[in-house]
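One structure is given here, and the rest of the page talks about it.
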Amino acid sequence: MRNLSLLLDFDEQYRRDRQQDRRFLHRRDRHLATSQDIDGSRGSLANWLDAVCGHDRDPARAGERLRGWRWMRVLFVVGGSVLGAATMLGLLYYDGGRRINVTLIIGVALLQLLLALLTTAQAWIGWQPWHGVFRSLGGRWLPEHAEPQPVLRTLAAPLAARIAQSGGLAFGIAALIVLLSQVVIHDLAFGWSTTLQASAPAYHDLTNALARPWRGWMPSAVPSLALVEQSRYFRVGATVATNPELLGIWWRFIAMLWLFYVIVPRVMLLALARAQLAWRVRQQLAVHPGRAALRERCTTPWIDSGGGSGTGTLPPDDSGTLAPAPATPGRVLIRWADAGDPGLARQWLGAAALSLEAGGSASLDADGAVLEQARAMGGPVIILARGWEPPTGELADFITHARRRLDLVPIQLLPLAPELPLMLPAAPALAPWRRFIERLQQPNVVIANIPNEGGAP
Amino acid sequence: MNDVPRFAVVGHPNKGKSSIVATLAQNDGIAIALEPGTTRNSDVYPLRVDGVTLYELIDTPGFQRPRQALAWMQAQSRAASDHPDTVRAFVLQHAGEARFHDECELLQPIIDGAGILYVVDGSVPYSSENEAEMEILRWTGRPSLALINHIGDHDHSAAWEAALGQYFRIVRQFNAVQAPFEEHLGLLRGFGELAPGWREPLERAVRYLREQRDQRDRASVTLIASAIGDMLGHVETLSLREGADRTAATQTLRERWRDWQRQREQRLRHDIEKLYQHNRLHRLEMELAWEAGDDLFSERARHAWGVSRTYLGVVGFGAGALGGVGIDALAVGHTLGAGALIGGILGATGSVYYAGKLDRFRLGPLTAGGRQARFGPVHDPQFGYVVLGRALEHAWRVARRNHAGRDPLTFGDSNDRWLQHLTRRDGVALQKALLTPPRDVADTRRRMALEDSIGHATVAFAAWRDAH
């Protein structure tokens with residue numbers, strides 16, 4: 001059954017895909033959709049599976065997963081055949097003492113019909129009283145079937161119905177074959193008997209009604225009133241028939257009865273079970289959770305915005321580093337790119353201190369002039385910078401030039417936090433400044449803190 | 001390839017260029033580059049739809065020596081008309097030179113035809129240091145847009161706008177960390193206004209990105225429904241020998257069952273984060289232990305996301321009555337509504353009775369190998385609401401989180417306030433779905449009912465969160 005194996009393969013792939021990254025799945029399926037005209041519809045599922053599984057997709061796999069059910073079917077067919085043959089042999093058992101009771105055979109045939117109908121009804125309702133037994137037997141004999149695919153569990157009822165109807169059909173056919181062979185090789189004497197107060201005409205009416213399906217085209221298989229009257233017997237009484245040849249005529253009726261009330265219904269209900277299974281499989285394929293997801297992946301464009309390809313790295317952790325020492329007061333304070341206030345030089349370094357401006361909108365020549373002035377003043381230099389701005393190459397160049405121009409006087413870089421009162425930035429924001437100074441590799445250039453109060457010379 | 005709109009995101013170092021790119025490219029790996037000046041090369045982040053590139057964002061290093069570069073250009077230029085050629089000449093002259101490596105890297109895509117997105121930080125005061133940079137960008141003659149990003153808490157955007165307006169025709173504000181998704185799309189549309197041929201591909205990109213967002217929201221509902229189905233139906237089993245200690249077995253099973261639930265919840269979170277391309281969030285979550293004291297089975301979780309007994313009773317009545325109505329229908333109304341009434345009473349009683357009774361320990365029949373002890377599935381309706389509330393809260397925050405965000409996720413509290421945004425009918429359906437989770441993945445009817453209910457719950461939750 002192609003759709004069933006398609007469903008099982010699809011379900012297995014769905015369960016594998018649940019472990020995969022959704023982005024990968026979308027990219028894969030959208031690519032298949034655009035390159036191979038796969039849109040997630042049922043018609044395209046086989047192609048999708050072929051494309052996704054490649055050489056791994058083995059048509060025999062589905063058969064393997066249904067192995068338990070197949071074994072069960074064989075068991076039912078073989079068992080049904082043996083039981084059917086045995087049942088008919090039992091029914092036809094004739095010891096010469098009393099006739100074979102047609103009433104019993106009619107009863108068995110109608111019971112078979114009832115069982116067939118009940119099996120079908122049970123499958124449609126979905127009642128599975130045998131489920132626990134099958135599961136424990138399956139677990140013992142076929143451990144891999146102890147926990148079958150969930151999707152297979154939903155098909156258990158129609159699968160079981162199909163098996164039961166197959167077994168019933170085998171039962172009916174085997175019984176019919178035995179009946180016909182017994183008719184050929186034995187001299188069977190049929191009769192009818194019942195404890196109920198049934199008259200021959202009433203019994204004739206019953207057989208006539210039962211023979212309705214074939215009486216139009218095979219009247220020889222419909223017992224006549226005379227046959228019914230003459231073949232009645234009682235357990236106690238004369239057992240010798242007045243016309244033994246007549247009693248064998250019943251076999252035609254019994255064969256047709258068996259054919260129409262046991263075999264034909266079983267054939268029809270087996271076909272119905274197959275149809276029900278096919279319908280369930282189609283339904284499961286339609287509502288399978290993987291189908292909607294697949295359709296969505298196939299029909300929506302694959303958008304790649306480069307996510308997941310980040311190249312960022314975390315900077316080293318500087319949280320344990322000690323705070324910089326206060327700046328040694330000198331006579332020059334350089335404000336880089338308008339950092340701080342022009343009055344800070346006087347406040348920190350005294351009235352004679354020089355406040356100079358570099359960077360920002362100043363020209364490069366102005367920067368050079370600032371360094372000349374600083375050299376002329378002599379002593380340690382403080383360079384104020386905006387601590388919230390990262391150190392740039394221009395600041396690095398300025399410090400490098402300052403180092404060359406100012407001999408070995410200390411150059412103290414003081415990055416300020418944006419908030420008042422003035423202070424250094426918090427450790428995470430100060431860390432880039434520390435590493436900036438390390439990268440410069442210039443002697444006597446340090447990160448410094450706010451000078452101590454009254455530190456002016 | 002040359003027709004594809006390209007945007008070079010440029011600016012002073014550490015002003016949020018990478019944050020802008022991270023948010024627009026949905027790449028939380030970019031925002032981790034915390035060290036200013038360490039981005040030394042340009043990185044291209046294309047938006048591809050089915051392999052077709054609609055636009056490219058180029059994350060560039062910041063200006064390091066703009067005054068020196070401008071001084072060189074001014075020395076070489078003779079008239080305003082040669083400014084673009086002078087910039088090109090600068091790049092050619094200094095290519096491979098360590099001193100102007102960053103300037104060459106950032107100017108190269110611009111002279112190759114990229115539009116300019118100049119990024120400044122509006123939370124720090126304006127600095128004249130930027131003027132040389134802006135002048136160089138003006139010299140390139142390329143279409144440009146200035147973006148005022150907000151990295152800190154202060155607002156100096158008025159001063160920035162006044163200064164930027166002198167150099168750029170379009171100035172926009174955009175908070176890369178907090179801007180909602182619609183603003184991302186609005187910004188992309190703005191990029192399309194920079195050149196006539198760029199509007200159409202940017203409009204298409206916006207449309208696709210919106211569809212992608214809708215698709216992710218739907219997938220998020222499916223993921224949550226799947227996890228809740230798994231969690232509510234999970235059973236832990238243990239083989240017990242004759243005479244084994246039942247108390248110890250219960251304890252073992254309870255711990256195993258709870259560990260499994262915690263892991264399943266973590267897997268759901270991981271899946272949701274991956275769905276929205278937050279690949280680094282989980283790691284941050286683990287590092288910062290943001291969930292300390294917020295265990296799935298903690299009193300705090302139950303208090304934050306559980307529902308009142310009154311709510312359980314009222315909604316349980318409705319859910320039970322739904323089942324009873326079926327009996328009334330079968331009896332063609334001859335029961336005079338007794339089915340609905342009895343169903344409602346049973347539903348309400350069951351919901352209230354099982355509330356808080358999380359443990360469900362059962363022993364199987366005695367066999368040769370002993371007995372099988374089972375823990376679960378849970379019948380406590382509170383548990384479903386706790387799991388659902390936490391999942392919705394997490395998904396809501398992840399979906400609205402920008403990829404430039406670095407802060408760890410934090411949870412709010414709810415009690416059952418968000419449920420007030422559900423209609424009564426959806427509330428009843430939700431409780432019914434939580435009490436009857438799918439038996440397995442093939443249980444289509446219950447699975448779809450649960451997904452439907454969680455879809456409605458997601459909308460209600462978002463309405464509640466957005467309103468607060």
Extreme residue, modelled with the lowest pLDDT, among residues of region A:369-408 that are of a type in the set (Asp, Glu) and crowded, with 21+ Cβ neighbours inside 10 Å: A:Glu389
Tally, over region A:187-198, of residues that are within 16 Å of A:Asn101 (Cβ to Cβ) and either in contact (Cβ under 8 Å) with a residue 24 or more places away in the chain or crowded, with 17+ Cβ neighbours inside 10 Å (or both): 7
Enumeration of residues in region A:204-225 that are under 16 Å from A:Trp192 (Cβ atoms), in a loop (DSSP other than H, G, I, E, B) and in contact with a helix residue (DSSP H, G or I) (Cβ under 6 Å, 6 or more places away or on another chain): A:Pro223
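Could you check, for region B:187-202, whether at least one of its residues is of a type in the set (Gly, Ala, Ser), outside any helix (DSSP H, G or I) and either more than 14 Å from chain A (Cβ to nearest Cβ) or surrounded by 18 or more Cβ atoms within 10 Å (Cβ to Cβ) (or both)? Before you say what the answer is, go through the steps one by one.
Here is the first cut: in region B:187-202, the ones of a type in the set (Gly, Ala, Ser) are B:190, B:192, B:195, B:197.
Add one more test, that the residue is outside any helix (DSSP H, G or I), and what stays is B:195.
Add one more test, that the residue is either more than 14 Å from chain A (Cβ to nearest Cβ) or surrounded by 18 or more Cβ atoms within 10 Å (Cβ to Cβ) (or both), and what stays is B:195.
Yes, region B:187-202 contains at least one residue that is of a type in the set (Gly, Ala, Ser), outside any helix (DSSP H, G or I) and either more than 14 Å from chain A (Cβ to nearest Cβ) or surrounded by 18 or more Cβ atoms within 10 Å (Cβ to Cβ) (or both).
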Scope region A:414-446; condition over 58 Å from the mean Cα position of the chain (by Cα), in contact (Cβ under 8 Å) with a residue 60 or more places away in the chain and surrounded by fewer than 20 Cβ atoms within 10 Å (Cβ to Cβ); matching residues: A:Leu422, A:Val446
Complete set of residues in region A:165-186 that are out of contact with any helix residue (DSSP H, G or I) (no Cβ under 7 Å at 6 or more places or on another chain), more than 14 Å from A:Thr87 (Cβ to Cβ) and in contact (Cβ under 8 Å) with a residue 12 or more places away in the chain: A:His186
Selection from region B:10-64 of residues that are facing chain A (nearest Cβ under 8 Å), part of a loop (DSSP other than H, G, I, E, B), surrounded by fewer than 21 Cβ atoms within 10 Å (Cβ to Cβ) and at pLDDT 80 or above: B:Asp50, B:Gly51
Meets criteria (facing chain A (nearest Cβ under 10 Å), part of a strand (DSSP E or B) and among the β-branched types (Val, Ile, Thr)) for B:Val124: no
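Give the residue, chosen from A:Ile411, A:Ile450, that is more than 12 Å from chain B (Cβ to nearest Cβ) and surrounded by fewer than 20 Cβ atoms within 10 Å (Cβ to Cβ).
Numbers: A:Ile411 fails: surrounded by fewer than 20 Cβ atoms within 10 Å (Cβ to Cβ).
Result: A:Ile450 is the single residue among A:Ile411, A:Ile450 that is more than 12 Å from chain B (Cβ to nearest Cβ) and surrounded by fewer than 20 Cβ atoms within 10 Å (Cβ to Cβ).
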Considering residues of region A:333-375 that are hydrophobic (A, V, I, L, M, F, W, C) and assigned to a strand (DSSP E or B) only, the residue farthest from the other protein chains (Cβ to nearest Cβ): A:Leu354
Filter result for B:Arg406 (within 26 Å of B:Arg300 (Cβ to Cβ), in contact (Cβ under 8 Å) with a residue 24 or more places away in the chain, surrounded by fewer than 17 Cβ atoms within 10 Å (Cβ to Cβ) and within 14 Å of another protein chain (Cβ to nearest Cβ)): yes
Residue among B:Leu450, B:Leu422, B:Leu430, B:Leu434 that alone is within 13 Å of chain A (Cβ to nearest Cβ), over 30 Å from B:His150 (Cβ atoms) and aliphatic (A, V, I, L, M): B:Leu450
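Only one of B:His83, B:His94 is more than 13 Å from chain A (Cβ to nearest Cβ) and over 30 Å from A:Asp341 (Cβ atoms); which?
Numbers: B:His94 fails: more than 13 Å from chain A (Cβ to nearest Cβ).
Just one listed residue meets the conditions, B:His83.
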Selection from region A:199-220 of residues that are under 11 Å from A:Met256 (Cα atoms) and touching a residue at least 12 places away in the same chain (Cβ under 8 Å): A:Leu210, A:Ala211, A:Pro213, A:Trp214, A:Met218, A:Ser220
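The values are calculated or read from the model by the stated rules, or taken from the named source; none is laboratory data. Given the structure is predicted, the values throughout are model-derived calculations rather than measurements. Backbone-built Cβ (ideal geometry, glycine too); neighbour counts: all protein chains shown.
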